[in-house]
Structure formats: C-alpha cells, structure tokens
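The numbers here are math on the coordinates, done by the rules we state, and not lab data. What you see is a predicted model; the values in this text were computed from it and never measured. We place every Cβ from the backbone using ideal geometry, glycine too, and count neighbours over all the protein chains shown.
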Amino acid sequence: MSYDPRVARDLANVDVVDRDMIMAEREASKAYVHPTHEDLKVNSRASKASRDLERQRTQDSDSSSSTESSEAMSRIATAASAGRLDTRATRIKTHPLEDLRTETHRLQQVATVGASIKSKKTEKPLPNFGGGKPYPPGLPPYEDYVVEFDGPDDPLHPQNWPFRRKLILGIILAYTSLCSTFTSSLFSASTRAFGQYFHVSVEVATLGTSLYVLGYAFGPLCWGPFSELKGRKLPIVIGMFGFTLFNFATATAFNLQTFYICRFFTGVFGSCPLAVVAAVFSDMFDNTQRGSAIVVFSATVFLGPMLAPFIGGFIQLSSLGWRWNVYLPGIMGALSFVLNVLFLRESYPPIVLVGKAEELRRRTKNWGIHAKQEEVEVDLRELVTKNLSRPLRLLFTEPVVLALTVYMSFIYGLLYLFLTAYPLVFQGVHGMNAGIGGLPFFGMMVGILLIAAYIIFESRNYNKKLAANGGIPVPEWRLPPVIMGGVLFSAGLFWFGWTGYTRSIHWIVPTLSGLFTGAGLLAIFIQCFNYLVDTYLMFAASVIAGNTFLRSIAAAGFPLFARQMFNGLGIQWAGTLLGCFAAVLVPIPICFYLYGRKLREKSKFAPTMKRKPQPQEDIDSDDDASKHSFPALAASRSRAHMAPNVARQRTKASDANRDLEAQGTNGVMDSEKKGE
C-alpha cells in the first residue's frame with residue numbers, strides 16, 4: 001500500500017482502538033466509488049496475469065500432487081459417506097449482491113468489540129502436544145477455510161427468508177418493543193395512589209417512571225455490543241427474561257428501596273428491544289424495504305407510552321389497585337419471552353455463518369472450517385473504550401451529533417412530560433377521571449400514524465434519488481421531513497397551551513393539538529436517526545449509543561419538574577415556553593441541510609463518498625474487473641477467487657512457484673492501488 005500523508009495525518013489524531021475502524025471504513029467506502037477507465041485496464045491486465053500464473057502453477061504441480069489428490073478424495077468420500085453429504089460442484093464466480101453482502105458482514109465483524117485484538121502474547125513455553133506426537137504442520141491460507149453465504153439466493157441469509165416468516169417475526173418483535181415502552185408510562189396513572197400508599201409526595205412517587213426511563217440510558221451500552229458479539233436472539237431472550245423477573249419483583253415490593261431498585265433494572269432489561277430490534281429489521285430487510293420496516297417499528301415504539309395512560313387509569317379506578325399496573329407488564333413480558341424463545345431465529349449474518357461453520361465441522365470432520373466471527377477475542381479494555389469512551393467522545397466533539405442529540409433529547413423529554421401535562425389539563429381543568437383522561441392521547445397516536453404513512457409514501461422518491469445517484473446516500477436528503485416536523489411540533493405546543501388552560505374551550509380542541517405534536521415527534525426522530533446513520537456509517541452504533549444515553553437522561557428528568565412548571569407558570573405560559581424552545585431548535589436541521597456536507601468533510605469520523613462518472617463503454621470492457629468494486633473483500637479472498645477460470649482444488653506447489661505466485665499477487669494489489 002502506498003504512503004498517503006492524508007491518511008497518516010487522520011490516523012495520528014485518533015486512538016489505537018479507532019484506528020482499525022477508520023481503516024475498515026476507508027476500505028468499505030471504496031465499494032461506492034465506480035472504477036475509472038484506467039482502473040479497468042489495470043484490473044484486466046492484473047486479472048489476466050493472475051490467471052496465467054495460476055495456470056502455470058497448476059501444470060507444474062500436476063505430477064507431484066497426484067498422490068495427495070487421491071488421498072484427499074478418499075478423505076472427502078469418507079466424510080461424505082459418514083455425514084451423507086451431497087458433493088456438488090463449487091461455483092467459481094460470485095454474484096455482485098453476494099460480494100456486497102460478504103463485504104457488509106466482514107465489516108460488521110471488524111466493528112465488533114474484540115475483532116482487532118490479537119492473541120495475547122505470553123513468555124511461557126508451549127506445552128507438549130501429547131500422546132508422543134509432534135506438533136502438526138500449519139494449515140494452508142486460513143481464508144480458504146472461512147465460510148460465506150452461497151450466492152445471492154442463499155436461504156440461510158436473513159434477507160432471503162420467506163416473507164411470511166419475516167412478517168411473523170416482525171409482529172413478535174414489534175410486540176416485544178411495545179411491552180417495553182408501554183411499561184414506561186403505565187405506572188404514571190398510579191403515581192398519586194402509590195404516593196399515598198407509601199406516604200410520600202407526588203414528586204417522589206414520580207421516580208417510579210423516571211428511574212425506569214433512566215435504565216434506558218445505561219442498558220443499550222451493554223445490549224448493543226452483546227448483540228454484535230453473540231447475535232440478536234440471545235440478548236432479546238435474556239432481556240425479556242430479566243424484564244419479566246424484575247417486573248414481578250417490583251409488583252411485590254413492600255418498601256420504597258426495593259421498588260425503585262427493581263424499577264431501574266426493569267428499565268435496563270427493558271431497553272434491550274429498543275437497542276436490538278431495529279438491528280434485526282436491518283438484518284432481514286434490504287435497502288428497498290428497510291425504511292418502511294423501521295418506520296412501522298418506530299411507530300409502535302412511540303405508540304406504547306400513549307396507549308398505557310388510559311389503560312392504567314381504568315386499572316387504577318378498578319378494585320385491582322396500583323400493583324396491577326406493574327403485574328400487567330410482567331404478564332406481557334412473560335408472553336413475549338415465550339414467543340421469542342419458540343419462534344425468534346438468529347438474524348445477524350456473522351452469527352448465522354458461525355452456525356453454518358459448526359455444522360460443516362461436525363459433518364466433514366474438518367476442524368479448520370470457521371466463520372470470521374469466531375476469530376473475535378473479547379478484551380475488557382477495548383470493551384470499555386469502544387462502548388463508553390467513543391460514544392461520549394463523538395457526542396461532545398462532533399457538532400452534528402451534539403446538536404441533533406440536544407434537539408432529540410428535548411423532544412423525547414417532552415414525550416414523558418406529557419404524561420404529567422395531559423392529566424393536568426384533562427383531569428384537572430376538564431374534570432375527567434383517570435381512565436377517560438388518558439383517551440386524549442389518541443390525538444397524538446393518530447398524528448404518529450399519519451406521519452408514518454407519509455414517510456413510507458415518500459420513501460419511494462428517496463429510493464429514486466438514491467438509484468439516480470449510483471446508490472450513494474446523501475444524508476441531507478433525510479432532513480426536509482425533520483424541518484417540517486419541527487414546525488408542526490412547535491405549533492402543537494402553542495396550540496395545546498392556549499386551548500387547554502380553561503374549561504370554556506371544548507376538550508376536543510387541545511386533544512386535536514396532538515395531531516401536530518405526534519406527527520412532529522415521529523418525523524423528527526426517524527429522520528434524525530437516519531441522518532446520523534447515513535453520516536457516520538461505521539461509527540453509527542457509537543453515535544446512537546451516545547444519543548440514547550443523553551436523551552434518556554433528559555426523559556428521566558423532565559417529569560420531575562413538569563408539575564411545578566405547569567402549576568407555577570400556568571398551563572398557557574408553560575406551553576408557550578416549551579413552544580418557544582421548540583421553535584428555537586427548528587433552525588438546527590435547516591443549518592445541516594444547507595451546510596451539512598462542509599461539516600462532514602471536516603469530521604474525522606464522517607466519511608464523504610463521491611461518485612465518479614463512468615462511461616458505458618468502460619463498464620462493458622471487461623466483466624472480470626467487476627469484482628474489484630469491493631477491494632476490502634478482494635484483499636481478503638483466497639487465491640481461488642483471484643483466478644476465476646481455474647477449479648478450486650488444492651495442489652502442492654514448489655517453493656519457487658509459491659514465490660512467483662506471491663510476486664504476482666503483490667503485483668495485482670499494487671496495480672489496483674495505483675489505479676485508485
């Protein structure tokens with residue numbers, strides 16, 4: 001690789017842990033850059049040279065490998081008969097979609113905590129092999145033993161699962177997420193009764209809601225990396241088991257200390273679906289379907305806190321009492337736990353390949369077969385650095401992340417502030433009881449559903465722009481709905497404040513303000529998340545972790561001062577104050593829409609990908625050069641991938657031929673780098 005002073009300068013400004021991530025991201029970003037005419041010429045000559053070298057090596061080694069080949073075939077036959085394998089011809093060329101998926105899950109593996117850790121060095125001598133046997137010789141190039149998905153239609157890949165299976169899993173996962181967010185606000189209907197039971201003030205009783213939401217701040221710091229290390233299913237199953245257990249512990253608590261501690265850990269375990277379920281949807285759906293799937297998932301997440309108040313209110317009015325507002329989430333969590341254990345399938349591609357490698361090892365008795373994910377070594381230092389240091393560093397050093405996180409934290413905090421504001425208006429001013437007083441939240445729910453339908457409809461135009469730009473996403477395309485949502489949300493707050501403070505205005509008027517606040521809430525959240533993911537790519541998980549941490553703290557704090565603010569300022573002036581804050585934050589997405597690209601170019605973590613124009617005649621010049629669109633993948637491929645006209649069989653090459661092949665391979669890579 002030639003020395004690039006710009007790369008050296010960038011790498012000098014980051015720590016060791018981030019260095020591997022940046023290099024991997026640079027390799028990944030090359031997949032979006034179309035090769036020029038000169039690139040294709042160089043790649044064509046390099047490919048031809050590689051084929052000639054492989055052909056010469058095969059001819060020279062035919063005589064020396066006949067005995068080994070016969071022995072290898074007998075071993076394969078024995079393994080096949082033992083495991084009843086169907087020996088089929090191996091494909092030589094790979095489909096572009098297959099290369100893209102391989103490139104993606106290879107980079108996912110690179111981003112996993114522990115992927116960059118080498119085996120720990122030790123001064124101790126190696127123990128004897130045992131049994132009087134010497135150490136066996138080393139394996140051939142280990143990449144020949146790394147399993148991959150078999151073509152673009154491989155049924156093992158989650159994106160190739162039947163739509164019926166995806167639909168069933170989507171419903172189960174949406175219900176799992178709904179359990180978590182539903183629980184976050186269900187207890188708010190019992191705040192006053194809980195305070196009377198334990199003889200504490202309403203503010204102290206409100207901690208039952210705040211501590212649960214505070215668990216959302218710390219849980220994703222664990223569940224995110226856990227899902228990247230062990231897959232999606234195990235964290236969800238463990239999370240829902242802990243969620244169910246602590247819900248029942250909270251419901252049976254007979255002192256404040258036990259109640260609040262269990263409530264906090266219920267939030268920690270309940271945050272698992274919010275951190276992992278969206279990743280499962282990303283695993284199952286491709287680019288054309290993922291946007292709509294994430295919108296539906298996000299809608300269910302925000303519907304949960306608005307469905308709960310009127311249900312909790314009617315439970316509180318019945319003979320069941322406040323404890324059943326905690327028993328009910330436990331029952332819902334138990335059902336979710338059973339459904340996930342029985343029906344949820346692993347969807348994280350690197351872990352799916354681990355299962356495939358385990359089956360192949362068992363059936364072929366070839367213990368060298370493995371998946372890339374099995375090379376990961378967990379290291380506590382890297383775990384702490386990547387999941388605590390990096391999210392906070394991105395949060396406070398990147399202007400884009402900090403500004404949007406402040407905006408989203410304010411919006412998310414108001415979502416839980418409404419749990420106090422709505423009862424003050426509809427129960428305090430209009431005299432409704434706890435059950436009926438929760439029904440006005442349906443105004444916000446309708447607004448959420450309307451904006452969700454709009455975003456799904458608008459995604460078709462986004463896909464057209466994406467296709468016209470060569471598949472390269474422009475993050476600023478995500479921001480117009482955010483600007484519109486900010487205006488609607490601010491207007492909804494003014495509407496709510498100045499129509500809900502007096503009984504002379506019909507209750508339906510402040511209820512309808514929820515159309516604006518609900519629509520603005522979802523539009524801001526979904527598109528801001530998409531903007532951050534498109535902007536930071538390989539660092540998206542760290543960005544989202546920092547974002548979730550700050551906004552969950554805000555959501556936990558807002559309910560604690562809501563009652564004093566509305567009682568002290570009055571409903572109309574408190575609504576005006578919040579509306580003014582929301583209006584002041586509207587220019588944030590406008591500034592990023594106008595100047596976002598310049599900010600990304602100055603960032604150390606946000607890659608800027610450019611699309612190079614390519615004449616049509618260059619595309620048709622050499623089909624074999626297409627594989628170089630994925631240099632990070634090509635660099636890690638085995639020799640068989642570099643020689644598409646030679647069958648994948650192992651031969652015993654002489655030392656001279658191996659040296660010649662190594663020189664040829666280096667020539668291929670050097671020519672590729674020069675072509676870039």
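For region 591-597, just list the computed ³J(HN,Hα) in residue order, Karplus coefficients 6.51, -1.76 and 1.60, θ = phi - 60°, integers in Hz, with x standing in for Gly and Pro.
4, 5, 5, 8, 10, x, 5
When the distances between all Cα atoms of region 179-344 are binned every 10 Å from zero, what whole-number percent does each bin get?
Result, from short to long distances: 11, 39, 33, 14, 4, 0 percent.
Listed here are the pairs Lys230/Lys465; Lys372/Lys465; Lys372/Lys598; Lys166/Lys465; which of them are more than 32 Å apart at the Cα?
Lys230/Lys465; Lys372/Lys465; Lys372/Lys598
Tell me which of Phe337, Ala308, Val276 sits at the most positive position along the dipole axis of region 224-376, charges placed on C-beta atoms (Lys, Arg +1; Asp, Glu -1).
Phe337
Just rank Phe558, Phe549, fewest to most, by other beta-carbon atoms within 10 angstrom.
Going from sparsest to densest Cβ surroundings: Phe549, Phe558.
Semi-axes of the equivalent ellipsoid for region 128-259, please: Cα gyration tensor eigenvalues, times 5, square-rooted, ordered largest first, whole Å.
One finds semi-axes of 48, 23, 12 Å for region 128-259.
May I ask you to compute the full-extension gain from Lys365 to Asp150, defined as 0.36 nm times their residue separation minus their alpha-carbon distance, rounded to one decimal in nm?
Taking Lys365 through Asp150 to full extension adds about 75.4 nm, to one decimal.
Classify region 123-189 as rounded, prolate or oblate, taking a ≥ b ≥ c as the square roots of the eigenvalues of its Cα gyration tensor: rounded when a/c is under 1.5, otherwise prolate if a/b is larger than b/c and oblate if not.
Here region 123-189 falls in the oblate category.
Please give, to one decimal in nm, the separation of the simple spin-label points placed at Glu374 and Val446, each 7 Å out from Cα toward the Cβ.
5.7 nm
In whole angstrom, note down how far apart the Cα centers of region 479-547 and region 205-238 are.
Taking the Cα centre of region 205-238 as reference, the centre of region 479-547 is 24 Å away.
Using each residue's phi in region 146-151, evaluate 6.51 cos²θ - 1.76 cosθ + 1.60 at θ = phi - 60° and report the 3J(HN,Hα) Karplus result to the nearest Hz, with x for Gly and Pro.
Along region 146-151, the couplings run 8, 7, 9, 6, 9, x Hz.
Can you sort Val352, Val295 so the residue with the fewest Cβ neighbours within 10 Å comes first?
Fewest-to-most Cβ neighbours within 10 Å comes out as Val295, Val352.
Going by a ≥ b ≥ c, the root eigenvalues of the Cα gyration tensor, does region 441-561 fall in the rounded group (a/c under 1.5), the prolate group (a/b larger than b/c) or the oblate group?
oblate
What ranking of His199, His506 emerges when the number of other C-beta atoms within 10 Å of each C-beta is taken as an exposure proxy, fewest first?
Final ranking by Cβ density, sparse to dense: His199, His506.
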